[in-house]
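All remarks here apply to the structure that follows.
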């Protein structure tokens, strides 16, 4: 009898991971960002095990989708490996920070940080719906030295897009933080990596997202090995999440091609912001600071706040799009 | 990268890594359900998260040098272990292929940078667990 319950438990984690992988792939945030809150908030799994299972599963999704992208030669492996110097260093520092936090019983800090970072990473993700090719800039000294000039074939525009990166040093700084967050929270931190290449280095969106995808795997491999020896990986949970997230990401990628309606993505943004708020609340709840009400009430407050927030953002974005269209007519 | 076949090779390596890893994971999961656990731990201990957390039933107690014995004894937990470690090594092969191709292109700046990345990866794997933590 108990074995049936355990099998159901296993399958329920697989199911949760499929959903997490699916949402992560549709929003471009990656499986881990959704998986860690789902495991800790709904399954009652200790943060450490959730982070461990999530980080190692991130490798599976990164490798799975990167194999498709690199073949199309959009991802820039040279720029990616160059930036990995900073992300792997960041991942080492981040995982060691998590080890220290865990030993000092300060895990509530990680919950709050997780929620805040999740909410903030929504902003660039929402904003990025739009521009494909970055504004024209002059190459700087790092462009030549670090060979940041390249091109890719854009299937939608049906032409070769030439591009060059700038401010390599700024990219490295952002990547260090991306790696740090990845090691500290057990996520791929794809949003931050995209920020590093898009905002700092002015690379085209296609190159940014595909390169960040394969970089996530390398960063997560660094953190995962430290997690392994620290005992943050529960094999039962990790096996379930790795399989589940991979299926979810695969389904997400299939659906993403077919989704033409941007509005659907807003529903997922609402879910993500709910998870973000709930993580912050749980963090405060752990130390009985400000939030002392029960988990169910926290749950409903988070839902309410996220609906209001995403509603306002949606309204704001749509109004801007409308105003732009009016401007075009004039 | 001048030689653009590298991207195709990388893509095959990534795909192969994921397939090998998932096959080991699925086999391992089936075995722990059939044998009710593995490596001296019962299935119910393994799946009660808080019990496992308090009693340190986690990756730290699994010694990687036991993998050959664990696999020959058909211990499910060691199959899962191999699956997860294949996953960890999969992206590392990408950096390695990159390193070789930079060397072929005589792009020594990037040979050096890829070496730093590989150094970081092995530092995290071999040095930190033994000496730092």
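Read-outs throughout are calculated quantities, based only on the coordinates presented, and are distinct from any laboratory measurement. Here the structure is a predicted model, which means the values were calculated and not measured. Don't worry about glycine lacking a Cβ; one is built from the backbone with ideal geometry, like all the others, and counts go over all protein chains shown.
The table below lists the values:
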item	result
GNM result for chain A, Cα springs below 10 Å: residue of A:72, A:320, A:103 fluctuating most strongly	A:320
GNM result for chain A, Cα springs below 10 Å: residue of A:281, A:42, A:214 fluctuating most strongly	A:42
Global form of the range B:79-133, assessed from the alpha-carbon gyration tensor, a/c cut-off 1.5	oblate
Fluctuation leader among A:162, A:254, A:138 - chain A, Gaussian network, Cα springs under 10 angstrom	A:138
Order of A:172, A:136 under a 10 Å beta carbon neighbour criterion, fewest first	A:136, A:172
Calculated diffusion of the range B:38-103, Stokes-Einstein form, Kirkwood radius summed over Cα pairs, 4 °C and 1.567 mPa s, µm²/s	94 µm²/s
C-alpha center-to-center spacing [the range A:148-194, the range B:49-101] in angstrom	29 Å
Gyration tensor verdict on chain A (Cα atoms; rounded if a/c is under 1.5, prolate if a/b is larger than b/c, oblate otherwise)	prolate
Whole-number D in µm² s⁻¹ for the range B:5-132, Kirkwood Cα-pair radius fed into Stokes-Einstein, 37 °C, 0.692 mPa s	195 µm²/s
Order of A:302, A:12 under a 10 Å beta carbon neighbour criterion, fewest first	A:12, A:302
Inter-chain Cβ neighbour average for residues A:86-97, partner chain, 10 Å	3
Contact order normalised by residue count of chain B, Cα under 8 Å, 6+ apart, percent	33 percent
Cα-Cα separations in the range A:31-125 greater than 18 Å, expressed as whole percent	59 percent
Simple label model, 7 Å out from Cα along Cβ direction - residue A:123 to residue B:115, nm	4.1 nm
Per-residue Cβ neighbour rank within 10 angstrom, fewest leading, A:116, B:82	A:116, B:82
Shielding of A:99-105 by partner chains, average beta-carbon count, 10 Å	1
Values of log10 I(q)/I(0), in the order q = 0.17, 0.18, 0.24 Å⁻¹, for the range A:180-258 under a Debye, Cα-only, solvent-free model	-0.81, -0.89, -1.19
Helix-only [θ]222 nm of chain B, DSSP H runs n ≥ 4, -39500 (n - 2.57) each, per residue, nearest 500	-22500 deg cm²/dmol
Relative contact order of the range A:27-108, pairs being alpha-carbon contacts under 8 Å that are 6 or more residues apart, as %	24 percent
Cα gyration tensor shape for the range B:1-73, rounded if a/c is under 1.5, else prolate or oblate	prolate
